[in-house]
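The values are calculated or read from the model by the stated rules, or taken from the named source; none is laboratory data. Note that the structure is predicted; figures quoted are calculated from it, not measured. Here the Cβ is made from the backbone with ideal geometry for all residues, glycine too, and neighbour counts use every protein chain on show.
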Amino acid sequence: MVTQTVDLQVQTKIDSSTPDMHMHGRIITTKIVGVTFENRQEVIAKLQMGDRVWLEREPFNTYDVNAIKVTRNNGEQIGYISRNLARSLAPLMDRLGFPIRGKVYLLTGSCYEDYSLGVVIAFKMPKAHRTNHTDPFNE
């Protein structure tokens, strides 16, 4: 039996000057962009603070190869992570190969008098760690 150690550690440098983003330890709080397109206001109107959201890579997005969409637990899209923050996060998410879980931290705006609704989310950067992988075919 052969045991391999896979290093999943990813060096991530998040630009702390990114507008509308705050970082405390591994927790990032950020405003979602693109919330006024494709009936997303209706999706946001159904959200409650604390609801689970998912950050998913969208590498074939025609506007931004680093795009990270934000969806509800049921798959409905809320919007995107800002372009500046996505530039830092996309390489990490590509290396990890899975979505990052977050939650609705704050709901902003109003649906009255032509104001739009907004969303602030919080999510935890995955912890860099090492895993052991046993290859059962090489015994």
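Restricting the stretch 26-48 to residues that are aliphatic (A, V, I, L, M) and surrounded by fewer than 16 Cβ atoms within 10 Å (Cβ to Cβ) leaves a set whose member that is farthest from LEU106 (Cα to Cα) is ILE27.
What do you reckon, is ALA90 at negative phi, in contact with a strand residue (DSSP E or B) (Cβ under 6 Å, 6 or more places away or on another chain) and either of a type in the set (Gly, Ala, Ser) or not in a loop (DSSP other than H, G, I, E, B) (or both)? So ALA90 does not fit the description; no.
In the stretch 49-78, of all residues being touching a strand residue (DSSP E or B) at 6+ places or on another chain (Cβ under 7 Å) and more than 18 Å from PRO99 (Cβ to Cβ), the one that is surrounded by the most Cβ atoms within 10 Å (Cβ to Cβ) corresponds to MET49.
Would you be able to say whether some residue in the stretch 22-32 is basic (Lys, Arg), at pLDDT 95 or above and not in a strand (DSSP E or B)? No, because not a single residue in the stretch 22-32 is basic (Lys, Arg), at pLDDT 95 or above and not in a strand (DSSP E or B). Residues in the stretch 33-77 that are assigned to a loop (DSSP other than H, G, I, E, B) and in contact (Cβ under 8 Å) with a residue 60 or more places away in the chain: VAL35, THR36, LEU47. Considering the conditions (1) modelled with pLDDT of 95 or more; (2) loosely packed, with under 15 Cβ neighbours inside 10 Å; (3) in a strand (DSSP E or B), THR5 is excluded by exactly one of them, (1).
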